[in-house]
Structures are given as C-alpha cells and as structure tokens.
Amino acid sequence: MKKQISIKKIAQEANVSNATVSLVLNGKDKEGRVSKATAEKVRKIAKDLSYEPNHLARGLRMGKSNTIGLIVADISNPFFATLAFHIQEYAEKFGYSVIITNTNESDEKFDKILQVLFRQQVDGLIIVPTENSIKSVEKLIERKIPLVLLDRWFTELQTCHVVIENYQVSRKAVQYLVDNDCKKIALFSYKMNLPHMTERRRGYEDVMKKEGLYDENLIKEVNYISIEEDIRKSMDDLFTSQEGDKIDGIFFATNSISMIGIKYMLENKIKILKDVKIVCFDKSDAFDFAKFNIPYVLQPIPEMGRMAVEVLINQIGNGVITPSKIELFAKLIEK
C-alpha cells in the first residue's frame, strides 16, 4: 500500500512551516498572507509527491466528515437504484460522498444500519423509511440529526420530506384503464400503511367507486418478503377463480410488483393490452424490449434526488432544521 504523503513532508521539501502548507492546501494562502511564489512552490511539490488529503482526519478536526448516509428500501428495485445514483452524483457536486445502505424493508436492519452510519460519522441522512421505523426516526428528530425522508414519510412526524403527489397520478392511471373500456380492474399493491401506498390505493378506489366498478375482491395486497408467491397466488385467483366477467385491467402500484405480474401473464399466455390492459407505477428497462407499449407512471427521480440532497446540505450548513414538505408531480406516459 502506498504511504500517505504528509503535510510535514511537503513542508520539509518546501522549507516552510507545516502551517504554511496547511493554509495553501486548504486554499487560504491569501488569508494567511502567504506569498504567491511560496504558494505555487508548495502546490507544485504537493503535486510532484502525489499528495492526497486525509479527508477523515480533516473531518474529525472540523467536526464534519463530508459524507451522507443514504438508506433505501430495496436496492435491487430499479427505482431505488436510480434514485441512489442521482443522489450520489448530485452530492459529489457539493463535495460529499454517499454511503448507500439497504434495509430490504426490515425494521431491525434499519436500526442496525443507523448504528453503522453513526460510527462512520455521517453529517446527515437521506432515508426511505421502513413501515415501522417511526420511533427510530422520531429519535433522530429529537437528537436534531439532519435528515430528509424520501419517497415515504410519516404523517405523525414533523420532518423534511421529498415525495411525489401519489393520489392524483394514481387516479389518472386508473381512469386511463376505464377510458380504454376496462370494466374489471384489479389493483396490486404492497400491504403497508405508509402514505405513498395508501394514497395510490385511495386514487384507485375513488375512480372505481365513481365509475360504479368498485369491488374490494379486486384489491390484492402482497408482502415484500413473500412477494412472488403472493402475486402468483393472487393472479391465479383473478384469472382462474373469477366468475362472470374476466379481469380486463390491472393497475400495478410499484415497479417490483409489476415485473412479477407481467412475467406471470407472459408465462400463462395472457395477451397484455389485448386480453388485459395494464398500467405500471414506474418504468422498467425491460419495457424497452417488450413487443407492446406499456403505459406507466413516470416519477421525477433525478429531481427527487436533487431536492433531497439540497435540503439536507442546507440543514447541515445552516445548523437549522425546519420541517418542510416538497411534493413533486409524476405524470402518466400513455405511449
């Protein structure tokens, strides 16, 4: 392993004090009244010696690590993977590194991850919370830890959160199916009571009731830990056990659910958009390889990541945490 070049070594080579080298390398040579010639000499020697600053040591001295902890629910989900990518890209523009962690929707893992991130001395947190992590988040608020909730939030807590307007875009998605002659429309969603999911269900229910098509038996809720088994069982129920009119429409409330549902339909020779029309929440790259155009809800993922980073860095920089809600709008892509 290559030995770390120290400020002391550069000072010896330049025949100046350690303090002078520190001022130059931290861009404070003018403030410290270091001559232009000396500053250029120090920078050249540092470059020739391939000096790399020890950010951890510097962070400890300044009480900052210039790192952000990001907690997502399921990094295998393209939505969260893309969100993490944009958060990392944008944070780097502010000189921050991002430690990306994944809970797999486990409350126990959520708490363990928090402890790991605290040991890494992160300056703040961007969190996609698990369903029952409210008490853990509440403790973070009480400790005045800079944090932003992303995609999901708790109505009971006063926090900064960046989310999308789920209700109206879900109404549009279901109305699209109704307007395309669907009469028996199923909803597939996660079995959870976080607002983002309940708002998507509410959007579905309100349109179905308005159109006189509501049937609670068409609502299928699946568990994250048994997602594939639950979806296949529910699909079997819809396509083989239904009496009377056949299912002719499905609104998939998440990307991960939609991919398993589409796979089931293809395996069972159910003609998508002909036998059953569908709308998916989020676009999957797999849609690009399909022989048919799948309508989907497009979330503003880059903007969600950007806003989360900006809000968090403002908290870190100002030392003030003022609860706020940033609600962005998604749109239905009909194709």
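To keep it simple, each residue is scored yes or no on (1) under 19 Å from I272 (Cα atoms); (2) modelled with pLDDT under 95; (3) of a type in the set (D, E, K, R); (4) within 24 Å of the chain's Cα centre (by Cα).
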{"site": "T155", "(1), (2), (3), (4)": "no, yes, no, yes"}
{"site": "L187", "(1), (2), (3), (4)": "yes, no, no, yes"}
{"site": "Y204", "(1), (2), (3), (4)": "no, no, no, yes"}
{"site": "V207", "(1), (2), (3), (4)": "no, no, no, no"}
{"site": "E221", "(1), (2), (3), (4)": "no, no, yes, yes"}
{"site": "Y224", "(1), (2), (3), (4)": "no, yes, no, yes"}
{"site": "M235", "(1), (2), (3), (4)": "yes, yes, no, no"}
{"site": "F252", "(1), (2), (3), (4)": "yes, no, no, yes"}
On the given criteria, is V116 surrounded by fewer than 15 Cβ atoms within 10 Å (Cβ to Cβ), outside any loop (DSSP other than H, G, I, E, B) and aliphatic (A, V, I, L, M)? yes
Among the residues of the range 209-219, which ones are farther than 24 Å from D74 by Cα and either within 28 Å of the chain's Cα centre (by Cα) or surrounded by fewer than 19 Cβ atoms within 10 Å (Cβ to Cβ) (or both)? K209, K210, E211, G212, L213, Y214, D215, E216, N217
Among the residues of the range 1-48, how many are of a type in the set (A, V, I, L, M) and within 40 Å of the chain's Cα centre (by Cα)? 7
Given the conditions (1) part of a helix (DSSP H, G or I); (2) within 17 Å of L312 (Cα to Cα); (3) in contact with a helix residue (DSSP H, G or I) (Cβ under 6 Å, 6 or more places away or on another chain); (4) of a type in the set (A, V, I, L, M), every one holds for I126 apart from (1)
Pairs please, first residue from the range 216-227 and in the same structural domain as D206 (by TED's automatic domain parsing), second anywhere and basic (K, R) and assigned to a helix (DSSP H, G or I), Cβ atoms under 8 Å, 6+ apart in sequence or on different chains. I219/R201
Could you identify the single residue in L177, L140, L125 that is surrounded by 15 or more Cβ atoms within 10 Å (Cβ to Cβ), modelled with pLDDT of 95 or more and not assigned by TED's automatic domain parsing to the domain that holds D282? L125
Considering only the range 129-152, how many residues are in a helix (DSSP H, G or I) and under 24 Å from H86 (Cα atoms)? 1
Within the set of pairs 6+ apart or on separate chains, which have a first residue in the range 97-120 that is among the acidic types (D, E) and at pLDDT below 95, a second that is surrounded by 15 or more Cβ atoms within 10 Å (Cβ to Cβ) and part of a helix (DSSP H, G or I), and C-beta atoms under 6 Å apart? E105/Y224; D111/S136
Is it the case that F94 is surrounded by fewer than 17 Cβ atoms within 10 Å (Cβ to Cβ) and within 13 Å of the chain's Cα centre (by Cα)? no
Between a residue in the range 306-333 that is closer than 23 Å to G203 by Cβ and any residue that is part of a loop (DSSP other than H, G, I, E, B) and at pLDDT below 90, which pairs come within a Cβ distance under 8 Å, given they are 6 or more apart or on different chains? I333/K283
Kindly indicate the residue of the range 260-281 that is among the aliphatic types (A, V, I, L, M) and closer than 18 Å to D236 by Cβ and also nearest to the chain's Cα centre (by Cα) among those meeting that condition. I260
Pairs needed: first member in the range 1-26, more than 17 Å from K44 (Cβ to Cβ); second member anywhere, surrounded by 17 or more Cβ atoms within 10 Å (Cβ to Cβ) and at pLDDT 85 or above; C-beta distance under 7 Å; at least 6 residues apart or different chains. S17/A11; N18/A11
Please go through the range 22-40 and pick out each residue that is at pLDDT 80 or above and under 17 Å from S50 (Cα atoms). S22, V24, L25, A39, E40
When G319 is evaluated against the numbered criteria (1) at positive phi; (2) crowded, with 22+ Cβ neighbours inside 10 Å, which criterion, by number, is the only one it fails? (2)
(1) under 28 Å from I134 (Cβ atoms); (2) without any contact (Cβ under 8 Å) to a residue 24 or more places away in the chain; (3) touching a helix residue (DSSP H, G or I) at 6+ places or on another chain (Cβ under 8 Å): which one isn't true of D230, the others all being true? (3)
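The values are calculated or read from the model by the stated rules, or taken from the named source; none is laboratory data. Since the structure is predicted, the reported quantities are computational estimates derived from the model, not experimental observations. Glycine gets a Cβ as well: all are built from the backbone with ideal geometry, and neighbour counts include every protein chain shown.
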